[in-house]
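The values are calculated or read from the model by the stated rules, or taken from the named source; none is laboratory data. Because the structure is predicted, anything quoted here is derived from the model rather than measured. In this analysis, Cβ positions are derived from the backbone assuming ideal geometry, glycine residues included, and neighbour counts consider all displayed protein chains. Ligands, DNA and RNA are stripped out before the accessible areas are found, and what is left, the full protein with its side chains, is counted by its heavy atoms. Shrake-Rupley method; radii C 1.70, N 1.55, O 1.52, S 1.80 Å.
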Amino acid sequence: MRIMITAASTAALLLATEASATAAPTPTKTLWAQESVKIRAETTVRSTALGLMPKGASGKSPVDRSGSYKRWFGGKHNACGSKGYIGDDEWHKITYRGVTGFVPAACLMPFDKV
């Protein structure tokens with residue numbers, strides 16, 4: 001099989017590379033851990049723990065165009081001080097010290113509430 005590279009295909013590849021290199025970074029805001037919590041690979045407490053975010057530590061979480069924190073929904077949990085089972089299934093994607101994963105929303109507090 002012979003692949004033919006044309007000037008048009010080369011130009012398209014260069015444009016795609018430039019667009020991805022100049023894409024604006026995803027906007028983020030800071031969230032603080034209310035207690036030590038594991039950063040999970042997926043939105044479930046049975047997911048692999050990627051790291052630990054200690055109480056008082058801050059991490060970055062993506063926000064939408066309006067500046068609201070993006071939320072993910074998945075596994076129910078009773079994390080962060082609740083007594084017994086609760087039906088909370090809201091999670092934040094967080095980056096802490098180079099580790100990106102999911103933390104139950106109940107465990108995090110926005111900077112303006114600290």
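Pull up segment 59-74, narrow it to residues that are open to solvent by 50 Å² or more (accessible area, probe 1.4 Å) and in a strand (DSSP E or B), then point me to the one that is nearest to residue 31 (Cα to Cα).
Going through the qualifying residues, I end up with 60.
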- residue 91 vs. criteria modelled with pLDDT under 95, in a strand (DSSP E or B) and buried (at least 16 other Cβ atoms within 10 Å of the Cβ): yes
- Counted residues, segment 24-43 - those being surrounded by fewer than 16 Cβ atoms within 10 Å (Cβ to Cβ), of a type outside the set (D, E, K, R) and closer than 10 Å to residue 103 by Cα: 1
- Any idea how many residues of segment 44-54 are open to solvent by 40 Å² or more (accessible area, probe 1.4 Å), at pLDDT 95 or above and not aliphatic (A, V, I, L, M)? 2
